[in-house]
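Worksheet: one structure, shown below.
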Amino acid sequence: MTTSLANDTNELRRICELPTGSALPLAARFLAELVQHPAFLGSQILPLLEEAEVARGWYVADRFDAHDGAYSLQVFVWPSGTETEIHDHSSWGAYACAFGTVLEERYDRLDDGSRTGFAHLKKGWQLWWSPEDGASTVLPGDGGIHRVGNPGEGPAISVHLYGPRIGEVDGRDYDPSRDYVCDRLDFAE
Ligand SMILES: [Fe+2]
């Protein structure tokens, strides 16, 4: 079992070479087990808390990327009161909370995507995730429009696994207050 993000490369590659429908439940199980493992928590997560207490924005504290882009495993730190923009990814994704509690919001896209720069969203659901709650998964593109954040009092940390990218861009950012969407070039959340 993992004590370093680089130790499970064979398992990660096996998961990320599968079709999306097969990969997602395995990715979720991988992350759910990872965030429960004491050695991983002790070596990779708990050392981040001191900085997380004083950081102002959320950030990626650690990441391990396959050389050929087959997967990316990333550790996100969420100081209290931080959240991402509403966005999607050009790959499937899975994430699990490793410390504290994170809030995930999911959105449905109501337009047909035919107008450049236009997207009409409706909030679908939101869920709080703690380390014992397992992992959430998102499909690529319109099937996984979401926002992650930490509205709580203390810091939170989550671990994210992204599959192979489909297409040129990293994903898209949405602004539902003005029905706007734009490509995002090299950024992951
Ligand atoms: Fe994301």
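The values are calculated or read from the model by the stated rules, or taken from the named source; none is laboratory data. Source: prediction; values computed, not measured. When we count neighbours, we look across all protein chains shown, and the Cβ atoms used for this are built from the backbone with ideal geometry, even at glycine. These accessible areas exclude ligands, DNA and RNA; they are computed on the full protein's heavy atoms, side chains included. Shrake-Rupley method; radii C 1.70, N 1.55, O 1.52, S 1.80 Å.
Quick notes on this one:
- Computed from Cα positions, the angle between helix 20-34 and the longest principal axis of the chain comes to roughly 40 degrees.
- Ellipsoid equivalent to region 7-135 - semi-axes via the Cα gyration tensor, in Å: 26, 21, 14
- Relative contact order of the chain, defined on C-alpha pairs under 8 angstrom at six or more residues apart (%): 27
- When peptides 41-51, 145-155 are ranked by their average number of other Cβ atoms within 10 Å per residue, the highest-first order is 145-155, 41-51.
- The relative contact order of region 70-152, computed from alpha carbon pairs under 8 Å that lie at least 6 residues apart in sequence, is 47 percent.
- When both region 31-56 and region 144-189 are represented by their alpha-carbon centers, they are found 21 Å apart.
- Across the accessible surface of the chain, with the other protein chains kept in place and a 1.4 Å probe, carbon and sulfur atoms take up 50 percent.
- Residue among Ala66, Pro25, Phe40 farthest towards the positive dipole end of region 19-82, charges placed on Cβ: Pro25
- Summarising the amide proton neighbourhood of Ala98: residues at separation of 5 or more, or on other chains, whose placed amide H is nearer than 5 Å comprise Ile157, Ser158, Val159.
- For region 64-134, the per residue solvent-accessible surface stands at 44 Å², with DNA, RNA and ligands left out and a 1.4 Å probe.
- Choice from Gly57, Gly171, Gly134 showing the highest fluctuation, given a GNM over the chain with Cα pairs closer than 10 Å: Gly57
- Working note: Karplus 6.51/-1.76/1.60 with θ = phi - 60° gives region 8-19 the couplings 10, 5, 5, 5, 5, 5, 4, 5, 7, 8, 7, x Hz, where Gly and Pro are set to x.
- Only helices enter this figure: runs of n ≥ 4 DSSP H residues, each worth -39500 (n - 2.57), summed and divided by the residues of the chain, yield -4500 deg cm²/dmol at 222 nm to the nearest 500.
- Taking the Cα centre of the chain as reference, the dipole from Cβ charges on Lys and Arg (+1) and Asp and Glu (-1) amounts to some 260 debye.
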